[in-house]
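Taking it in order: structure first as structure tokens, then the write-up.
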Amino acid sequence: MQECCNCGEPLDGGELILPWEDGDNSSAYVKCPNCGAKNYVDGYGEDD
């Protein structure tokens, strides 16, 4: 997996939040298990 954009730690074990799952996010993101930062996932769930 990738590293957190905030703390640089691995995102392994982070929670994936799907688009609109938390009510106001138009993009999917992974919540860092270390610092809680939102790491947006480009293109996740989009039709090709």
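The values are calculated or read from the model by the stated rules, or taken from the named source; none is laboratory data. Please read these numbers as outputs of a predicted model, since none were measured by experiment. In this analysis, Cβ positions are derived from the backbone assuming ideal geometry, glycine residues included, and neighbour counts consider all displayed protein chains. Ligands, DNA and RNA are stripped out before the accessible areas are found, and what is left, the full protein with its side chains, is counted by its heavy atoms. Shrake-Rupley method; radii C 1.70, N 1.55, O 1.52, S 1.80 Å.
Using a cut-off of 12 Å between beta-carbons, work out the net charge of the residues near LYS31 (Lys and Arg +1, Asp and Glu -1, LYS31 not included).
Around LYS31, the surrounding residues sum to -2.
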Lys, Arg +1 and Asp, Glu -1 on Cβ, resulting dipole of the chain about Cα centre, debye, nearest 20: 240
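Give me the accessible area per residue for the chain, probe 1.4 Å, as a whole number in Å². Each step should come with its number before you reach the end.
Working: 3510 Å² over 48 residues.
With the other protein chains kept in place, the chain gives 73 Å² per residue.
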Proximal charge balance of CYS4 [Cβ under 12 Å; K/R count +1, D/E count -1]: -1
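Taking the chain on its own, what percent of its Cα-Cα pair distances exceed 13 Å? Don't jump to the answer; show the numbers that get you there.
Details: 570 of 1128 pairs.
Here the long-distance tail beyond 13 Å is 51 percent of all Cα pairs in the chain.
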Among TYR40, GLY23, ASN6 the positive-end extreme of the charge dipole of the chain (Cβ point charges): ASN6
Disulfide-incompatible cysteines by the Cβ rule (no partner under 4.7 Å) in the chain: CYS5
